[in-house]
Amino acid sequence: MIILNGSDLSGHKVVKAIRQGQTIALDTGQLEKVAQARSLVVSLLEQGQPIYGINTGFGKLADTSISNESVAELQRNLILSHSCGVGEPFSGEVVKAMIILRANALMKGYSGIRPEVIRLLVELVNQNVTPVVPSQGSVGASGDLVPLAHMSAVLIGEGQAYYRDQLLTGAKALERAGLKPLTLEAKEGLALINGTQAMTAQGILALYDSHILLKSADVASALTMEALCGIPNALDERVHSLRPHGGQIDAAGNLRRLLAGSDLVYGKEHGRIQDAYSLRCIPQVHGASKDAYRYVEHVLNTEINSVTDNPILFPDDGDVISAGNFHGQPVALALDFLGIALAEVGNISERRVERLVNPQLSGLPPFLAKNSGINSGYMIVQYTAASLVSENKVLAHPASVDSIPTSANQEDHVSMGSISARKLGGILANVQNIVAIEILCACQALEFRDRSKLAPATRAVYELVREHVAPLDADRFLEPEIKLVRDLVVSGQVLEVVENTIGKMN
């Protein structure tokens, strides 16, 4: 169980809760603060003063006054009119993360929403009701309006949702789960959809999987170092202490531990003074991406414990302030940055794949085939990696540098953070495949080395891969084998066998 109080949630907690099917609960003490903000909304309505989103229209229509009798209709219409997304639906994981993150933000008690609305939100997760949310339509300021509207439509019995994998209308899905739709009251529709939770939900899922991927890339590069009998001097702790970026130090330390006990890299003459950059500069390149990861982790964990809607209510002072906390720029920049950082891990991994399969660079049989010529071996696997790297160069172009005015130029600068998030997902998937290809090729290259000289950690990975993929003796259908190794990477099994051998990696 995780308990939401608006203050101490982490992205990793959310992802684990979703993937492990944990129950979501609300901090009862914090619900009192939520109720206080709701009381302020009721008081303001009674006073009749114009407050944006409570008794006025939205966006360019903020100067349009709404009567108290029409407030509920205003909130319902807001959800319906904003439910206009297109494209493939988000995965169930993304939608559940959106719900949890929106509930946590509302739990801070500055949004003016009733506690029962938040309770129904978390019950969607607990009762396996997953709204259908199209992935396209958000510009990322006034928050992720469109996807959050689709999420919220189910609360009022509209839209569509899956109930235990069965696609139903929103009303029917609630009924099957034993839940009842709500009639939204003043400010509640706006409080549900003014936020950055669609882009942030995608971000925390990508961040969680990036944590596994970045360490797995260190593992893949260690296998390649052994396969190519790399020179270990570039990993010397003294070198990295002179340029003390945290990620660089960690990456070099990981490689030293991964290669400890390897007679393929240590204690031998290498016949050359230094290695190419794709081997010699692994700590610098991987390390920079680790530092980027940590920056993004800080941004996202700050974001998911923040108030991101508008207007913000301050019950202790009786104030209501219209501002811009819904603007997704902090998240958009961070997700673009993480995409760039992962793309670079893919770039250098593909260069190591090229060194493995190119006989002029490796000293190994051409394309790692035992009978090259009649067999192409892993020649075209490198093409696949190159294709993914090239695609990433397009996807890594930042979405956050773009903006298109909306709402009759009232909302004249937007973050495009939802696009940053979707591009990040594509880059992540590509790099998972690239790293899997490097591991597959490195294990094949080790067929031509004395494997009794492997380090204990890399031996564990080699043996894991060989449980699923046999050595390549003659050409065969390779697509399933890339997928098998990718699954070993994504599931964390590669990392697990390593950390069982050398302890936790950084």
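The values are calculated or read from the model by the stated rules, or taken from the named source; none is laboratory data. Note that this is a predicted model, so its numbers are computed, not measured. We place every Cβ from the backbone using ideal geometry, glycine too, and count neighbours over all the protein chains shown. Side chains included, ligands, DNA and RNA excluded: accessible areas come from the protein's heavy atoms. Shrake-Rupley method; radii C 1.70, N 1.55, O 1.52, S 1.80 Å.
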For segment 36-56, name all the residues that are hydrophobic (A, V, I, L, M, F, W, C) and either modelled with pLDDT under 85 or open to solvent by less than 40 Å² (accessible area, probe 1.4 Å) (or both). Ala37, Leu40, Val41, Leu44, Leu45, Ile51, Ile54
Checking the structure you have, find out if any residue of segment 57-72 is among the aliphatic types (A, V, I, L, M), open to solvent by less than 70 Å² (accessible area, probe 1.4 Å) and within 30 Å of Gly492 (Cβ to Cβ). no
Residues that are open to solvent by 10 Å² or more (accessible area, probe 1.4 Å), under 19 Å from Leu313 (Cα atoms) and of a type in the set (Ser, Thr, Tyr), drawn from segment 90-114: Tyr110
Here are the criteria: (1) farther than 30 Å from Gly328 by Cβ; (2) open to solvent by 20 Å² or more (accessible area, probe 1.4 Å); (3) among the acidic types (Asp, Glu). Tell me which single one Glu438 does not satisfy. (2)
Members of segment 3-15 found to be within 21 Å of Val34 (Cα to Cα) and without any contact (Cβ under 8 Å) to a residue 60 or more places away in the chain, listed by number: Ile3
Being of a type in the set (A, V, I, L, M, F, W, C), farther than 30 Å from Ser278 by Cα, open to solvent by 50 Å² or more (accessible area, probe 1.4 Å) and touching a residue at least 40 places away in the same chain (Cβ under 8 Å) is the filter here; which residues of segment 309-358 pass it? Phe314
Residue check: is Asn233 surrounded by fewer than 21 Cβ atoms within 10 Å (Cβ to Cβ) and polar (S, T, N, Q)? yes
Select, from Gln160, Gln75, Gln127, Gln136, the only residue that is farther than 14 Å from Gln197 by Cβ, of a type outside the set (Phe, Trp, Tyr) and at pLDDT below 95. Gln75
What residue, of Val146, Val117, Val86, is of a type in the set (Val, Ile, Thr), under 30 Å from Ala408 (Cβ atoms) and open to solvent by 20 Å² or more (accessible area, probe 1.4 Å)? Val86
Determine if segment 21-32 includes at least one residue that is closer than 20 Å to Pro311 by Cα, open to solvent by less than 40 Å² (accessible area, probe 1.4 Å) and in contact with a Pro (Cβ under 6 Å, 6 or more places away or on another chain). yes
Taking helices (runs of 4 or more DSSP H) that do not extend beyond segment 217-335, which have at least 3 residues that are touching a Pro at 6+ places or on another chain (Cβ under 8 Å), modelled with pLDDT under 95 and within 30 Å of Leu106 (Cα to Cα)? none
Here are Ala292, Ala251: which of them is of a type in the set (Gly, Ala, Ser), within 23 Å of Lys13 (Cβ to Cβ) and buried (at least 18 other Cβ atoms within 10 Å of the Cβ)? Ala292
Against the condition free of Cβ contacts under 8 Å to residues at least 12 places away in the same chain and acidic (Asp, Glu), how does Asp412 come out, does it pass? yes
Here the residues within segment 453-477 that are out of contact with any Leu (no Cβ under 8 Å at 6 or more places or on another chain), open to solvent by 30 Å² or more (accessible area, probe 1.4 Å) and of a type outside the set (Asp, Glu) are Pro456, Arg459, Arg466, Ala470, Pro471, Ala474, Arg476, Phe477
Of everything in segment 246-272, what is in contact with a helix residue (DSSP H, G or I) (Cβ under 9 Å, 6 or more places away or on another chain) and acidic (Asp, Glu)? Give them in sequence order. Asp250, Asp263
